[in-house]
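Report on one structure; see the data block that follows.
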Amino acid sequence: MEQNEVGFGPFRFSPMRGLLKDGVAVKVGSRPLAILALLLEQAGAVVSNRDIMARVWPGLFVEEANIRVHIGSLRKLLGKNDFGTDYIENIPAQGYRFVGTIRTPFPQEAAEGAVLQPSAPPADLSTLLPRNIDRLIGRDETIDDIVRKLAEKSFVTITGVGGIGKTSVAIEVAQVSASSHRDGIHFVDLSTLSDPTLVCATIAQVMKLPGGGKGSLDGFLGAVRGLDALLILDNCEHLIEEVAIVVEGILATALDIDILVTSREILRAQGEWVYRLPPLPVPPGREHTLTAERALTYPAVELFVERVSSGDSMFRLSDADAPVAAELCSHLDGVPLALELAAARVPLLGIHGLAASLDRAFDVLRGGRRTALPRHQTLRATLEWSHRLLDERERIVLRRLSVIRGSFTGDLAIGVAAFGAISEEDVVEGISELSKKSLLSVEHRQQSVQFRLLETTRQYAAERLQESGEADVVCRNLARHLCRMLAGSQSTNTVAWNVVYGTRVDDVRSSLEWSLSSSGDLATAVDLTVASAPMWFQLSLTDEFRRRAETVLQSVRRQPEPDLRSEMSITAHLGPALWNSLGPAPEVKAVLLRGLQLSQQFGNVGYQRRALWGLWLYYLALEKDHEALEAAERFGQLLGTPADPGAESMHQRMMALGLLTVGEFDRARGFAERCLSAPTPTTGSSLRGYQFEQRIVSHTHMARISWIQGHPDRAREAMHEAVEQALASGHTLSLCFALSLGACPVAFWCGDYDLTARYANLLVEKTDEGSLFVWRTYGLCYQLALEARQGADDQLAALRRSSRFAEVYRNKRIRMLATVAPRLIPPAILDEASDGATNWATAELLRLKSENAGGAETAESLLRQSMEIAGAQGARSWSLRTAMSMARRSMGTERQQDAASTLSSVYGTFAGGHDTPDLRDAAALLDRL
């Protein structure tokens with residue numbers, strides 16, 4: 001046994017080697033292993049939960065359930081002790097203790113070891129290896145992988161960006177692998193060596209080779225021949241060529257020497273197996289509901305919090321701070337050095353202050369440990385070390401690529417960086433070299449290869465770009481490339497579209513900001529605003545697009561000479577965005593009419609269609625149904641010959657909803673069915689930025705039409721299809737459309753109130769995320785309906801006084817609300833809603849009005865009007881409701897039999913959906929009649 005090693009049953013445990021069973025390493029997580037170490041240190045004594053938390057989760061508060069989970073996994077792993085009980089005993093209300101016979105080193109074992117191992121006893125590794133003072137987090141699987149590959153390949157290079165933790169991982173790998181080498185382990189730190197001719201001599205000195213081994217390469221190789229050792233060569237990137245030669249020589253000469261190299265650049269030597277050390281995992285995206293417990297399951301957050309706690313014993317990560325800490329770790333790309341430097345600033349700045357300062361990362365992330373290598377004491381020093389090792393071409397390519405945020409393709413890199421003395425071939429070669437030197441990561445995505453600069457590297461390179469005087473040229477190149485790329489985008493499938501274009505939103509933001517700056521170009525700002533419009537709609541960021549488009553439009557209008565064509569192109573896209581954010585406000589109509597006027601003036605048919613589409617939305621929102629239908633018909637007159645496929649599809653959808661709204665359900669169904677049966681268009685100018693996906697919209701229309709026409713089962717089928725496709729598409733606007741105009745009302749009408757609640761809550765959640773004001777009011781409508789469904793009179797009165805009801809009323813949602821929550825509508829508002837031209841809900845509104853009528857004659861007149869309109873429209877569901885109202889009124893009168901006959905006749909036309917509330921009520925009422 002080695003020092004500090006203990007044995008129990010078939011197991012041996014030491015802090016250095018971990019847990020072994022019958023001499024074979026057992027894979028155990030870092031936290032269960034830390035608990036086992038503590039229990040073994042105090043074997044036989046009770047260890048409290050508080051002591052376990054202090055050792056395993058220093059500075060954090062965790063639930064005791066976490067301890068129980070890890071104790072359970074240890075019990076399962078260890079099995080039973082010599083007494084037939086668990087090795088770890090639970091002492092209620094006190095803690096846990098280790099129960100079992102502990103073996104420690106004794107002379108007989110040492111003697112047995114001497115017989116089996118004739119060479120001198122192994123030296124204490126603490127004298128041969130640097131020590132990882134802090135616990136290594138999130139690297140267990142990495143260490144296991146490298147240990148296996150080192151045993152298999154004999155030569156492994158751990159590579160990665162500066163500060164990623166290469167040396168720390170190499171030390172852990174060496175500790176696990178040390179016992180398998182007769183002649184021990186040799187750690188050679190080359191970071192301070194500047195003369196490549198002294199590589200052999202430096203290695204020889206560490207290995208304590210005889211004099212000849214410290215001279216020429218041949219002498220060195222002769223001295224290592226026959227040795228069985230593990231050689232770690234740390235920090236080799238500045239001596240890359242000489243180290244590669246030495247390593248190849250060792251591998252050819254000393255077959256039992258394993259070599260582990262750490263370097264920011266791979267050696268490209270024969271036999272090299274490369275392990276690219278990734279950043280620590282970080283929480284995905286921005287999760288505002290992320291709890292501290294969940295955040296700490298990500299190693300980057302765990303490392304950050306542990307390092308903060310080491311400098312502030314009172315620190316605890318709260319649920320309120322968890323999303324900010326997660327965003328901070330993501331911004332720093334999970335690079336351990338950056339996280340440690342950031343953690344050191346928390347006592348001074350706090351987590352929120354630190355997160356707000358990260359755009360000045362190099363000013364903030366400094367002041368590392370005094371004992372650290374100079375290049376690890378600040379983030380800037382780490383990157384400057386790597387930057388000095390680049391040739392001039394690589395430095396130029398690196399700084400030019402700094403304007404690109406996130407992942408990028410080779411085409412984008414060439415479009416941005418290839419100009420002047422740097423050719424396209426230079427950019428390609430530069431990317432290759434930067435990747436090999438760990439300054440640029442390579443990501444394989446489906447059938448494409450993408451590249452990425454870590455954010456800290458990008459910020460450093462951006463400083464170099466500003467110093468070079470090339471910044472404006474490079475920014476203009478990026479903006480113009482984005483214009484070309486986005487101008488050709490099509491928006492038929494959100495998921496597929498996002499793979500290609502969705503990652504460019506940050507680049508569009510920065511390019512628009514540059515274009516509007518004093519160094520920028522307003523013409524480029526206009527072109528990029530127009531070209532990027534589909535992107536903002538596809539990402540459901542219409543409110544942000546509105547703000548940016550308004551800023552560009554103001555700049556255009558401030559020019560000395562009017563630029564009406566630019567104004568036309570911007571207003572064509574701004575109008576629909578305004579509608580999503582503000583609803584049918586007067587300024588929305590003004591922008592849409594201005595866009596229509598300018599597009600007619602210049603004869604631009606595409607922009608005329610866009611303006612009419614926006615006006616169609618505007619009139620629908622105001623319940624000006626016939627004006628909306630007229631806009632749709634005018635749109636259809638501009639399809640062209642032959643018809644633009646995208647425009648034709650859009651016209652069918654506009655007509656379907658326009659006709660549905662005025663109550664022409666058969667014609668509406670025809671347009672929706674034609675849209676569904678047609679192939680999804682893949683070309684056509686009108687596809688760009690029309691906001692909703694074709695099949696989702698059509699299924700939504702079919703769901704509502706089917707229910708109203710008396711086909712509840714078909715309605716449910718179409719409803720589910722619309723929602724499933726919208727969720728799969730990842731397109732928030734299409735999902736809002738499907739939930740607002742199809743799924744929520746149909747689910748409610750069919751009596752599935754739990755599903756309605758889920759849909760309504762999802763709708764409000766999505767609209768709040770994207771500032772989609774228009775669609776939010778629909779969500780409020782359905783939430784009110786659910787609350788009112790079984791509410792008492794005083795509850796209904798409170799709901800009518802609420803700001804939510806006022807918002808629903810103000811935004812013309814009363815028709816829809818009346819069909820799902822009639823008790824919530826005051827008579828005066830119901831009268832107002834039922835006035836005017838016939839629409840999709842007129843029959844139901846008249847029926848509801850009859851419930852409040854003062855006299856029997858008035859009520860019966862309203863019911864007759866309702867039945868006539870429902871019959872003329874083919875709205876059997878409204879006919880059924882009206883027939884039930886007539887039957888209830890006739891109970892006990894001479895008209896009861898006629899009313900029963902009418903109800904029976906209508907009820908008999910329904911072939912399915914007999915589990916829905918209306919049909920159940922109708923059946924019960926017929927039984928009573």
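A 1.4 Å probe run over the protein chains yields, for the chain, 43 Å² of accessible area per residue, whole-number rounding. Per-peptide packing, taken as the mean over residues of other Cβ atoms within 10 Å, places 306-315, 477-486, 559-568, 398-407 in the sequence 398-407, 477-486, 306-315, 559-568 from highest down.
Among the protein heavy atoms of the chain, carbon and sulfur supply 50% of the accessible surface, probe 1.4 Å, non-protein parts ignored.
Would you mind calculating the relative contact order of the range 552-676 from Cα pairs under 8 angstrom and at least 6 residues apart, reporting the percent as a whole number? Present the calculation step by step, with values, prior to reporting the outcome.
Details: 141 pairs, mean separation 21.2, N = 125.
With pairs under 8 Å counted, the relative contact order is 17 percent.
Only Lys, Arg, Asp and Glu carry charge here, each on its Cβ (+1 for the first two, -1 for the last two); on that basis the chain has a dipole of about 1160 debye about its Cα centre. Peptides 240-248, 154-162 ranked from most to least packed, by the mean per-residue count of other Cβ atoms within 10 Å: 154-162, 240-248.
If we count every other residue with Cβ under 10 angstrom of Ile266's Cβ, Lys/Arg +1 and Asp/Glu -1, where does the sum land? Please list the in-between numbers first.
Numbers: positive: Arg264, Arg268, Arg276, Lys436, Lys437; negative: Glu237, Glu265, Glu272.
Counting the neighbours of Ile266, the net charge comes to +2.
With each label modelled as a point 7 angstrom along the Cα→C-beta vector, the Glu384-Arg558 pair spans 3.9 nm.
How much net charge surrounds Asp666 when only other residues with a Cβ under 15 Å from its Cβ are counted (Lys, Arg +1; Asp, Glu -1)? Before the final figure, lay out each step's value.
On the way: positive: Arg667, Arg669, Arg674, Arg704, Arg714, Arg876; negative: Glu664, Glu673.
Result for the local shell: +4.
Within the shell of other residues whose beta carbon sits under 15 angstrom from the beta carbon of Asp915, the net charge comes to -3, with Lys and Arg scored +1 and Asp and Glu -1.
Above 37 Å, the calculated P(r) of the chain contains 61 percent of its Cα-Cα pairs. For the pair the range 542-592 / the range 595-674, the C-alpha centres are spaced 21 Å from each other. Peptide packing: for 422-429, 671-678, 742-749, the average count of neighbouring Cβ atoms within 10 Å per residue gives the ranking 742-749, 671-678, 422-429, highest mean first. When a/c is below 1.5 the answer is rounded, else prolate if a/b is larger than b/c, else oblate, so apply that to the range 561-691 with a ≥ b ≥ c taken from the square roots of the Cα gyration tensor eigenvalues. Since a/c reaches 1.5 but b/c is at least a/b, the shape of the range 561-691 is classed as oblate.
Could you list, in their original order, any pairs among Lys166/Lys208; Lys766/Lys849; Lys76/Lys149; Lys624/Lys766; Lys80/Lys153 whose Cα atoms are separated by more than 31 Å? The answer is Lys766/Lys849; Lys80/Lys153. Averaging the Cα positions of each part gives two centres, and for the range 300-325 and the range 773-794 these lie 41 Å apart.
The values are calculated or read from the model by the stated rules, or taken from the named source; none is laboratory data. Remember, predicted model here, so these are calculated numbers, not experimental data. Note that we place each Cβ from the backbone using ideal geometry, even for glycine, and neighbour counts take in every protein chain shown. Just the protein is used for accessible areas: all its heavy atoms, side chains included, with ligands, DNA and RNA removed. Shrake-Rupley method; radii C 1.70, N 1.55, O 1.52, S 1.80 Å.
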